[in-house]
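Peer 1: This is the structure I want to talk about, given as structure tokens.
The values are calculated or read from the model by the stated rules, or taken from the named source; none is laboratory data. None of the values given here were measured: they were computed from a predicted structure. All Cβ positions, glycine included, derive from the backbone under ideal geometry; neighbour counts span all protein chains shown. All accessible areas refer to the heavy atoms of the entire protein, side chains included, with ligands and DNA or RNA removed. Shrake-Rupley method; radii C 1.70, N 1.55, O 1.52, S 1.80 Å.
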Amino acid sequence: MRQELPVLGPTPDTSAKPVTPIGSLGVGYVVPYDFALDRELWRWVPEPVNLLLTRTPHHRLPVSVSQAESVSDPAVLTGCALSVIETSPDVVAYACTSGSFVHGPAGELALRVALQAAGVPHAVTTSGALVDAVQALGSRRLAVATPYDAMVTARLRQFLGEHGIEVVTTSYLGLTERIWALDYHEVAALVRRSVTPECDAVFLSCTNVPSYDVIAPLEQELGIPVLTANQVTLWAALRVLGLGLVGRGQALAELAAPRPADELQEEAR
């Protein structure tokens with residue numbers, strides 16, 4: 001005899017509007033092969049959003065200009081995009097700071113063009129997001145802290161200068177591997193070394209630098225916005241969806257989120 005299932009609750013009202021599942025909005029995330037901070041990303045993400053990560057092909061290279069160039073080849077990004085768009089993301093982020101600034105503003109634009117040509121509806125990059133975040137906060141004079149060597153750090157300074165953002169000071173560690181293994185004491189010390197009275201914000205570069213828990217305390221201590229690579233990337237991606245960051249005490253997270261572009265277009269019709 002067929003056994004009846006127990007009734008667990010009232011029969012749902014099928015005429016009612018269905019509840020949107022958690023993670024119903026997708027953010028595709030293209031990261032370098034050595035990215036190790038997946039768990040940190042989720043801490044900035046509100047419940048409606050699902051992160052859909054894919055990594056670039058592996059290369060045996062130290063952190064350097066050569067590595068930045070290898071992980072930012074537009075053909076490589078096209079392949080990554082074709083993989084992640086199978087999951088129908090609403091926006092795709094290329095989450096590599098050095099890879100998105102190594103060839104200047106023209107190179108950053110080429111990466112977004114490559115992603116969109118592959119079928120991505122909206123595309124953002126870490127370095128492009130940084131420029132947008134600095135402008136949104138009204139900052140003009142930036143301190144920069146990086147884990148890179150002098151050559152890679154100089155490329156970042158040049159990139160920002162071409163966008164009209166003055167870099168008043170830089171501090172760097174010269175690391176060539178295992179950047180993700182930095183602890184918070186090392187990260188905070190690096191940021192503090194870069195800050196001078198002349199800057200009105202500080203940027204901590206590299207999406208492989210852990211930063212979530214040091215941002216709010218450093219902002220309170222230093223009295224200026226503290227921007228980090230993963231923070232600005234997710235901020236830019238979530239803005240496309242009309243959402244903001246989850247990050248109490250972080251200046252960038254406290255900016256009001258814009259309404260989604262498709263909502264504004266529908267209203268204008």
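Peer 1: Within segment 167-176, how many residues are crowded, with 17+ Cβ neighbours inside 10 Å and within 15 Å of Ser64 (Cα to Cα)?
Peer 2: Total satisfying the criteria: 3.
Peer 1: So, Glu108, is that one touching a strand residue (DSSP E or B) at 6+ places or on another chain (Cβ under 6 Å), acidic (Asp, Glu) and either crowded, with 19+ Cβ neighbours inside 10 Å or modelled with pLDDT of 95 or more (or both) or not? Spell out how you get there, then give the answer.
Peer 2: Numbers: touching a strand residue (DSSP E or B) at 6+ places or on another chain (Cβ under 6 Å): yes; acidic (Asp, Glu): yes; either crowded, with 19+ Cβ neighbours inside 10 Å or modelled with pLDDT of 95 or more (or both): yes.
Against the criterion (touching a strand residue (DSSP E or B) at 6+ places or on another chain (Cβ under 6 Å), acidic (Asp, Glu) and either crowded, with 19+ Cβ neighbours inside 10 Å or modelled with pLDDT of 95 or more (or both)), Glu108 qualifies.
Peer 1: Which residue pairs have Cβ atoms closer than 8 Å, lie 6 or more positions apart in sequence or on different chains, and pair a first residue in segment 144-173 that is closer than 13 Å to Val131 by Cα with a second residue that is open to solvent by 60 Å² or more (accessible area, probe 1.4 Å) and assigned to a loop (DSSP other than H, G, I, E, B)?
Peer 2: Ile165/Arg140; Glu166/Arg140
Peer 1: Follow-up question, since we're still on this one. Would you check which residues across segment 200-224 are part of a loop (DSSP other than H, G, I, E, B) and within 16 Å of the chain's Cα centre (by Cα) and list them?
Peer 2: Ser205, Cys206, Thr207, Asn208, Val209, Pro210, Ser211
Peer 1: Within segment 90-101, work out how many residues are assigned to a loop (DSSP other than H, G, I, E, B) and either crowded, with 24+ Cβ neighbours inside 10 Å or of a type in the set (S, T, N, Q) (or both). Please lay out each step first, then the result.
Peer 2: Going through segment 90-101, the residues assigned to a loop (DSSP other than H, G, I, E, B) turn out to be 90, 95-96.
The next check asks that each one be either crowded, with 24+ Cβ neighbours inside 10 Å or of a type in the set (S, T, N, Q) (or both); those that pass are 95-96.
The number of residues fulfilling the criteria is 2.
Peer 1: Here is a check on your reading of the model: is Val19 over 25 Å from Phe203 (Cβ atoms), at pLDDT below 90 and β-branched (Val, Ile, Thr)?
Peer 2: Details: over 25 Å from Phe203 (Cβ atoms): yes; at pLDDT below 90: yes; β-branched (Val, Ile, Thr): yes.
In short, yes.
Peer 1: Tell me which residues, restricted to segment 49-67, are open to solvent by 50 Å² or more (accessible area, probe 1.4 Å) and either modelled with pLDDT of 95 or more or not charged (D, E, K, R) (or both).
Peer 2: Going through segment 49-67, the residues open to solvent by 50 Å² or more (accessible area, probe 1.4 Å) turn out to be 50, 53, 55, 57-62, 66.
Answer for segment 49-67, where residues must be open to solvent by 50 Å² or more (accessible area, probe 1.4 Å) and either modelled with pLDDT of 95 or more or not charged (D, E, K, R) (or both): Asn50, Leu53, Pro57, His58, His59, Leu61, Pro62, Ser66.
Peer 1: Restricting to segment 121-130, name every residue that is open to solvent by 10 Å² or more (accessible area, probe 1.4 Å) and within 17 Å of Val76 (Cβ to Cβ). Explain how you work it out, then say what you get.
Peer 2: Let us first name the residues in segment 121-130 that are open to solvent by 10 Å² or more (accessible area, probe 1.4 Å), namely 121-124, 128.
Of everything in segment 121-130, just one residue is open to solvent by 10 Å² or more (accessible area, probe 1.4 Å) and within 17 Å of Val76 (Cβ to Cβ), namely Ala123.
Peer 1: Among residues belonging to segment 202-232 that are within 14 Å of Gly247 (Cβ to Cβ) and hydroxyl-bearing (Ser, Thr, Tyr), point out the one that is surrounded by the fewest Cβ atoms within 10 Å (Cβ to Cβ).
Peer 2: Out of the qualifying residues, it is Tyr212.
Peer 1: Could you tell me which residue of segment 64-90 is nearest to Pro32 (Cα to Cα), considering only residues that are among the β-branched types (Val, Ile, Thr) and touching a strand residue (DSSP E or B) at 6+ places or on another chain (Cβ under 6 Å)?
Peer 2: First, the residues of segment 64-90 that are among the β-branched types (Val, Ile, Thr): 65, 71, 76, 78, 84-85, 87.
Filter once more, keeping what is touching a strand residue (DSSP E or B) at 6+ places or on another chain (Cβ under 6 Å): 84, 87.
Details: Val84: 14, Thr87: 19 Å.
My answer is Val84.
Peer 1: Looking at the structure I just gave you, is Ser194 buried (at least 21 other Cβ atoms within 10 Å of the Cβ), touching a Ser or Thr at 6+ places or on another chain (Cβ under 9 Å) and of a type in the set (Ser, Thr, Tyr)? Steps first, please.
Peer 2: On the way: buried (at least 21 other Cβ atoms within 10 Å of the Cβ): yes; touching a Ser or Thr at 6+ places or on another chain (Cβ under 9 Å): yes; of a type in the set (Ser, Thr, Tyr): yes.
Yes: the conditions hold for Ser194.
To keep it simple, each residue is scored yes or no on (1) surrounded by 24 or more Cβ atoms within 10 Å (Cβ to Cβ); (2) at pLDDT 95 or above.
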residue: Arg140; (1), (2): no, no
residue: Thr146; (1), (2): yes, yes
residue: Ile165; (1), (2): no, yes
residue: Arg178; (1), (2): no, no
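Peer 1: Give me the pairs, please: first residue somewhere in segment 26-44 and free of Cβ contacts under 8 Å to residues at least 60 places away in the same chain, second residue anywhere and crowded, with 21+ Cβ neighbours inside 10 Å and hydroxyl-bearing (Ser, Thr, Tyr), beta-carbon distance under 7 Å, and either six or more positions apart or on two chains.
Peer 2: Tyr33/Thr56
Peer 1: Identify, by number, the condition in (1) open to solvent by 10 Å² or more (accessible area, probe 1.4 Å); (2) hydrophobic (A, V, I, L, M, F, W, C); (3) in contact (Cβ under 8 Å) with a residue 60 or more places away in the chain that Ala133 doesn't meet.
Peer 2: Ala133 satisfies every listed condition except (1).
Peer 1: Name the single residue that is nearest to Thr125 (Cα to Cα) among those in segment 25-54 being assigned to a strand (DSSP E or B), in contact with a Pro (Cβ under 7 Å, 6 or more places away or on another chain) and not β-branched (Val, Ile, Thr). Give the steps one after another, and end with the answer.
Peer 2: Of all residues in segment 25-54, those assigned to a strand (DSSP E or B) come to 25-31, 49-54.
Next, only the ones that are in contact with a Pro (Cβ under 7 Å, 6 or more places away or on another chain) stay: 25-28, 52.
Adding the requirement that they be not β-branched (Val, Ile, Thr) leaves 25-26, 28, 52.
On the way: Leu25: 19, Gly26: 16, Gly28: 12, Leu52: 15 Å.
Result: Gly28.
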